[in-house]
Amino acid sequence: VQSPHLNGEPASFDAAARLNVAAHELGLQQAQARYHGQTLRLLAPARLSYADGLAINKLRLGVQRAIISVDGRVAPALDLRASVHELNSALVSAFVPGVLAAGSLDADAQLAGTSSAPSGLVTVKATGLRFAGSTVRDLHAVDLHATAHLKGNAAQLDVQLSAGGASQLTLAGNAPLGAVGALNIKLSGKLDAALANSILEARGQRAEGALSVDATVTGNPRSPEIGGT
């Protein structure tokens, strides 16, 4: 399949597969997609079963250094393991230019339950993120580690963010997965005021010192209530 103009970019997709009608299985033997100058490849043969809902067996895709893996059942119930490793700034910039100058991201998920009420654990780790804009490119690199324990209609969050030794933030608490439910989140930590200097100095201003943060977010996603300092 080829398209000379998909949202302004040429795109192509090639695949070879074997369909077993009796077993309700599709065996992917080869697959390759090209878009925005990037090539996404199937790294090993994989199998999709649709005999009872949908199950994916050992799907592994690669693009640049990033590896995407999916294995398990998607429907009617979730029993799924998925991950994205070594997703770096160069790959992000190929699709969204001018956002990141450096850094990489890893994410892992183990899911059960159903798509409308999932349970399990999701972890995200971002390392050395630097933004590409001229006003923010000199800021400290950002590291982030986040976990979300999914419990049906809500998630228990634990997020830690750092940008140099003087800037550390922690976000922890519970949040609904949809528009209905109660928020109970606490944000605390400290921020180096000098982080803003790359923006302020263009206006002839400069900041020094530290900002302490101790805030809460309650209410619901449609009308959150922010308290604290």
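Side notes on the structure shown:
- Taken over the stretch 116-131, the residue count meeting the criterion of being open to solvent by 50 Å² or more (accessible area, probe 1.4 Å), of a type outside the set (A, V, I, L, M, F, W, C), more than 20 Å from Ile68 (Cα to Cα) and touching a residue at least 12 places away in the same chain (Cβ under 8 Å) is 1.
- Within the stretch 62-77, considering residues that are outside any strand (DSSP E or B) and of a type outside the set (Gly, Ala, Ser), the one most open to solvent (accessible area, probe 1.4 Å): Arg65
- Criterion applied to Ala101, Ala90, Ala107 was being open to solvent by less than 50 Å² (accessible area, probe 1.4 Å) and not aromatic (Phe, Trp, Tyr), and the one residue passing it is Ala107.
- For the stretch 45-79, the set of residues classified as over 27 Å from Pro118 (Cβ atoms) and of a type outside the set (S, T, N, Q) consists of Pro45, Arg65, listed by residue number.
- Filtered residue count, the stretch 151-165, keeping only those that are open to solvent by less than 30 Å² (accessible area, probe 1.4 Å) and modelled with pLDDT of 90 or more: 2
- Of all residues making up the stretch 65-85, the number that are closer than 14 Å to Asp106 by Cβ and over 17 Å from the mean Cα position of the chain (by Cα): 0
- Every listed requirement among (1) touching a residue at least 24 places away in the same chain (Cβ under 8 Å); (2) over 30 Å from Ala141 (Cα atoms) is met by Ser89 save one, (2).
- Cβ separations smaller than 6 Å between residues 6+ apart or across chains give the following pairs from the stretch 1-20 residues that are outside any strand (DSSP E or B) to residues that are among the hydrophobic types (A, V, I, L, M, F, W, C) and open to solvent by 60 Å² or more (accessible area, probe 1.4 Å): Val1/Phe13.
- Taking the numbered list (1) closer than 30 Å to Ala179 by Cα; (2) in contact (Cβ under 8 Å) with a residue 12 or more places away in the chain; (3) more than 16 Å from the chain's Cα centre (by Cα) in turn, Asp143 passes all entries but (3).
- For the stretch 166-182, filtering for residues that are part of a strand (DSSP E or B) and either at pLDDT below 90 or polar (S, T, N, Q) (or both) leaves 3.
- Residue match in the stretch 24-43 (condition: at pLDDT below 95, of a type in the set (A, V, I, L, M) and part of a loop (DSSP other than H, G, I, E, B)): no
- Residue in the stretch 129-140 that is modelled with pLDDT under 95 and within 15 Å of the chain's Cα centre (by Cα) present: yes
The values are calculated or read from the model by the stated rules, or taken from the named source; none is laboratory data. Everything numeric here is computed off the predicted structure, so don't read it as measured data. Counting neighbours? That spans all protein chains shown, and the Cβs are built from the backbone with ideal geometry, glycine included. Accessible surface areas use protein heavy atoms only, side chains included; no ligands, DNA or RNA. Shrake-Rupley method; radii C 1.70, N 1.55, O 1.52, S 1.80 Å.
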